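In what follows, a single structure is set out as structure tokens and then discussed.
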Amino acid sequence: MAGTSLSPLITSPTFKTLTNQTQPKTKTKDSSSTGSLYSCNHLTELKKLHCQITKQGLIHHPSSITKLISTCTQMGTFDSVIYARKILNQFRQDNQNDGTLFMYNSLIRGYSSIDLGNEAIWVYLEMLELGISPDKYTFPFLLSACTKISARAEGLQVHGSVVKMGFQGDIFVLNSLIHFSSECGEVVLGRKVFDEMAERNVVSWTSLICGYARWGFAKEAVDLFFEMVEEGVRPNSVTMVCVISACAKLKDLDMAGRVCGCIGELGVKVNTLMVNALVDMYMKCGAFDTAKRLFDECGEKNLVVCNTIMSNYVREGMAREALAILDQMLGERLVPDRVTMLSAMSACAQLGSILWGKCCHGYVLRNGLEGWDSISNAIIDMYMKCGKQKIACAVFDGMANRTVVSWNSLIAGYIRNGDTGSAWEVFNNMPESDLVSWNTIISALVQESMFKEAIELFRMMQSEGIKADRVTMVSIASACGYLGALDLAKWIHAYIKKNKVPRDIRLSTALVDMFARCGDPLSAMEIFNKMEKRDVSAWTAAIGAMAMEGNGNQAIELFNEMLREGVKPDGVVFVGLLTACSHGGLVEQGQDLFRSMKSVHGISPQIVHYGCIVDLIGRAGLLEQALDLIKGMPMEPNDVIWGSLLAACRMHRNVDMAAYAAERIKELASERTGIQVLLSNIYASAGKWTDVAKVRLHLKEKGARKVPGSSSIEINGEIHEFTSGDESHPEMIHIAPMLDEMNCRVRDAGHAPDLTNVLLNVDEQEKEYLLSRHSEKLAMAFGLISTNQGMPIRVVKNLRICSDCHSFAKLASKIYDREIIVRDNNRFHFFQRGICSCNDY
């Protein structure tokens, strides 16, 4: 009835004056029939009395009809209220009488009591059309009806009528207005009514406090409570429940303590609802022991308080404690309901306990709770998290009503267990999907490094008219970042702005990381600088952007700014810092930061940090120092640590130490064929072809293949891929002449091909040709013929850029007056006017 017009309230007709507005004043002789009306408890009894009144000829008396209607509506059942309506209709028809105000007030009250707000509003409109003027009893009933069906527009018109008809001085009418405003989200209006009241009682204060608490104004709710206490108004149990729930939302333990102190000071009687609210508040404020003590001291534990503490334990990841409550409930002969079992199933899923899970499943079946969709969905989730996919599928197949959530639970379970193929199959077979379905499968594709597929699915989602949210855009931003597609990144950023997708810390951080990975640190830092709130993850992303750019000094400055703002660093931010120092050649600063982890910030360096510091000093050519650091590590070095040393050995051509590092890696991770390939490359660079042959024979015997170098470039929103030596691209007929031109021009500018980068035992002419067909050179040539003059060329490579391609790109950027950005598997290289951002380090 939200669309019902209440225009008569605004443009009321001239009401006819009624002498009997509340009850008829004409006295009639009371009979046993009418006198016993108010003692009726059942509609059947009332119908019998109705018959007697009719036989006695009292049916035409307004007083008798008034009592009949009033008694019917007070019974508060659907049938009784409908019967009351029939009585009024019959009275009007038989007596050519419009009825009295009291009759209509009773009907409005009756419809409101059974939540038929639309009908209550229709009765009110009918009353106005008949010219019957409402009184101070009409509006509380009518506003209650508007509140129950969230009829905001109608309620606001009622408010206008209250003011127009001069009832703004009645405390009961004003309390009803505050309650309506608070329940329907019009808290500002409720506060205005409250502030203008000449007299307030506990209901006035409580209604507004509850409105504030309900609509996210928890701080205002608590402040108003203390204002109420200061004015000497004693709160009741409803007030306390509302203000306690506000404290729970604030998660402010000190404030909670002050509020609870008022319970004893003001003598508010504690009931089970207050105990439940207190337990919930202390749990949300992190005072688990206090909450448990309150729970234990509760004399009469009911199902509600047990469910409250269980759900909070599950939310906090305290699954064993949740199941202990379930055990206690059963011991005290409390019968768990579906809410209890939802928490229990979630606890079993968190623990991965198939034994507890089956016990809970058995209880559900014995007590007929499996018919609830939410319970079956929780069971599916539990079995999936316990690794029992077949049982989960059996539960799914046995469901009479499979909702979207059921399908989503199955998809999420498959993804969690690494079975993306099955998840994709379920997704494609869904009769209907929602945003959660799309988000789940897109996230799965990103986790599986299927970035192009994730983007394509996102586009399909858009074509089906499903609007993305923050979760979607975090996954898409991540996929775009890994692809290094800047045009796509800009489109994603514009999409978020255009569709007003709320940007929380997580999404903003994802955007910072996306632009950083796409080689646009300026856009990354612009988003970072506009963030109102920044946690350690956001600072880490910004520092990572500087690390990718090779700007170690700026990364350190950001870190110092983070400390000044009181953000506590974690281990992840130090990975970004040490990487930035490594890329910028800041050996001394990097070592100082490494030492400060434990001495200043109390963070014990993990193996990943040792890997960073080995890479830092190894790149600087301090190979012996790097080896000593590895040997002195407090934990056993892994293959990644030795891999960092091996990469440094290749850079500085230390063949002997490289062979030693490779042996250590072989002992730890013999399956890492990439290390053997790297060792083979080191031998080839040193011209030790016999050793190269041995390593490559070993790889061949294992069936391993070297990962070919590949590069991609985005042109007009489409990503083109090139592989070294591969000339199958459809535009190769145009690429080859451009590449030949580039080779000639850079040679004329003084470029001498570095043939040590060709790791095959062939003649120099063949080496030079192979070198000219490296994937990044093919991508650069394609970029030059496919973009307008002055446009940057952005290339993403799967391996590190070789020294020859590096010097080639520097000269090409100068000759063609283009900025060339290459993102290899380690960092960004920004080539401009013959200079690289890495300073050849």
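Observations, loosely collected:
- Any chance ALA659 is outside the structural domain of GLN591 (by TED's automatic domain parsing), at pLDDT below 85 and assigned to a helix (DSSP H, G or I): yes
- The residues of the stretch 315-338 that are of a type in the set (Val, Ile, Thr) and surrounded by 12 or more Cβ atoms within 10 Å (Cβ to Cβ) amount to a single one, ILE325.
- Against the numbered list (1) over 54 Å from the mean Cα position of the chain (by Cα); (2) of a type outside the set (Phe, Trp, Tyr); (3) modelled with pLDDT of 85 or more, ASN105 comes up short only at (1).
- Checklist (1) at pLDDT below 90; (2) within 28 Å of ASN408 (Cβ to Cβ) applied to ALA347, failing item: (1)
- The criterion of being within 27 Å of LEU457 (Cβ to Cβ) and of a type in the set (A, V, I, L, M) holds for VAL404.
- Note on the stretch 40-80: residues that are touching a Phe, Trp or Tyr at 6+ places or on another chain (Cβ under 7 Å) and surrounded by fewer than 13 Cβ atoms within 10 Å (Cβ to Cβ) amount to 0.
- Hey, GLY368 closer than 30 Å to TYR482 by Cα and free of Cβ contacts under 8 Å to residues at least 12 places away in the same chain or not: no
- Scope the stretch 60-86; condition of a type in the set (A, V, I, L, M) and touching a helix residue (DSSP H, G or I) at 6+ places or on another chain (Cβ under 6 Å); matching residues: ILE65, LEU68, ILE69, VAL81, ALA84
- SER406 being outside the structural domain of VAL796 (by TED's automatic domain parsing), under 20 Å from the mean Cα position of the chain (by Cα), in a helix (DSSP H, G or I) and under 23 Å from CYS359 (Cα atoms): yes
- Of all residues in the stretch 718-733, those that are assigned to a loop (DSSP other than H, G, I, E, B) have Cβ atoms under 9 Å from Cβ atoms of residues that are among the polar types (S, T, N, Q) and surrounded by 12 or more Cβ atoms within 10 Å (Cβ to Cβ), 6 or more apart or on another chain, in SER724/SER710; SER724/SER711; SER724/SER775; GLY725/SER775; ASP726/SER710; ASP726/SER775; GLU731/SER786.
- When the stretch 265-285 is limited to residues that are assigned to a loop (DSSP other than H, G, I, E, B) and at pLDDT below 90, the one that is surrounded by the most Cβ atoms within 10 Å (Cβ to Cβ) turns out to be VAL268.
- LYS452 out of contact with any Pro (no Cβ under 8 Å at 6 or more places or on another chain), under 30 Å from ALA542 (Cα atoms), assigned to a loop (DSSP other than H, G, I, E, B) and not aliphatic (A, V, I, L, M): no
- Residues of the stretch 588-628 satisfying the condition of being β-branched (Val, Ile, Thr), within 26 Å of VAL655 (Cα to Cα) and either under 34 Å from the mean Cα position of the chain (by Cα) or not in a helix (DSSP H, G or I) (or both): ILE607, VAL608
- Cβ pairs under 9 Å, 6+ apart, first in the stretch 343-363 and assigned to a helix (DSSP H, G or I), second of a type in the set (Asp, Glu): MET345/ASP381; SER346/ASP381; ALA347/GLU321; ALA349/ASP381; HIS361/GLU370
- Residue within the stretch 740-758 that is modelled with pLDDT of 90 or more and either within 47 Å of the chain's Cα centre (by Cα) or of a type in the set (A, V, I, L, M) (or both) present: yes
- For ASP135, the stated conditions hold: it is over 35 Å from the mean Cα position of the chain (by Cα), in contact (Cβ under 8 Å) with a residue 40 or more places away in the chain, surrounded by fewer than 22 Cβ atoms within 10 Å (Cβ to Cβ) and under 30 Å from LEU88 (Cα atoms).
- Qualifying helices (runs of 4 or more DSSP H) (wholly inside the stretch 149-227; at least 3 residues being of a type in the set (S, T, N, Q)): 171-183, 202-214
- Whichever residue in the stretch 262-278 is over 23 Å from ASN302 (Cα atoms) and of a type in the set (A, V, I, L, M, F, W, C) and, among such residues, is nearest to the chain's Cα centre (by Cα): CYS262
Rundown of residues vs (1) outside the structural domain of ILE821 (by TED's automatic domain parsing); (2) of a type in the set (Ser, Thr, Tyr); (3) modelled with pLDDT of 95 or more; (4) in a helix (DSSP H, G or I), yes/no style:
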residue: GLN462; (1), (2), (3), (4): yes, no, no, yes
residue: ALA479; (1), (2), (3), (4): yes, no, no, yes
residue: TRP491; (1), (2), (3), (4): yes, no, no, yes
residue: TYR495; (1), (2), (3), (4): yes, yes, no, yes
residue: ARG503; (1), (2), (3), (4): yes, no, no, no
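- For the stretch 193-201, the count of residues that are among the hydrophobic types (A, V, I, L, M, F, W, C), surrounded by fewer than 18 Cβ atoms within 10 Å (Cβ to Cβ), modelled with pLDDT under 95 and closer than 25 Å to LYS251 by Cβ is zero.
- Residue in the stretch 432-448 that is crowded, with 16+ Cβ neighbours inside 10 Å, under 18 Å from the mean Cα position of the chain (by Cα) and more than 30 Å from GLN350 (Cβ to Cβ) present: no
- In the stretch 87-124, the residue that is surrounded by the fewest Cβ atoms within 10 Å (Cβ to Cβ) out of those that are acidic (Asp, Glu) and more than 14 Å from ILE59 (Cα to Cα) is ASP115.
- Residues of the stretch 361-387 satisfying the condition of being buried (at least 19 other Cβ atoms within 10 Å of the Cβ) and basic (Lys, Arg): LYS385
- For the condition surrounded by 15 or more Cβ atoms within 10 Å (Cβ to Cβ) and either in contact with a Leu (Cβ under 9 Å, 6 or more places away or on another chain) or modelled with pLDDT of 90 or more (or both), ALA510 qualifies.
Per-residue answers, yes or no, for (1) in contact with a His (Cβ under 9 Å, 6 or more places away or on another chain); (2) at pLDDT 90 or above; (3) closer than 29 Å to LEU445 by Cβ:
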residue: SER353; (1), (2), (3): no, yes, no
residue: CYS359; (1), (2), (3): no, yes, no
residue: VAL364; (1), (2), (3): no, yes, no
residue: ALA378; (1), (2), (3): no, yes, yes
residue: MET382; (1), (2), (3): yes, yes, yes
residue: LYS385; (1), (2), (3): no, yes, yes
residue: CYS393; (1), (2), (3): no, yes, yes
residue: TRP407; (1), (2), (3): no, yes, yes
residue: GLY418; (1), (2), (3): no, no, yes
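The values are calculated or read from the model by the stated rules, or taken from the named source; none is laboratory data. What you are looking at is a predicted structure, and each value in this text was computed from that prediction instead of being measured. Cβ sites come from the backbone with ideal geometry, for glycine too, and all protein chains shown count toward neighbours.
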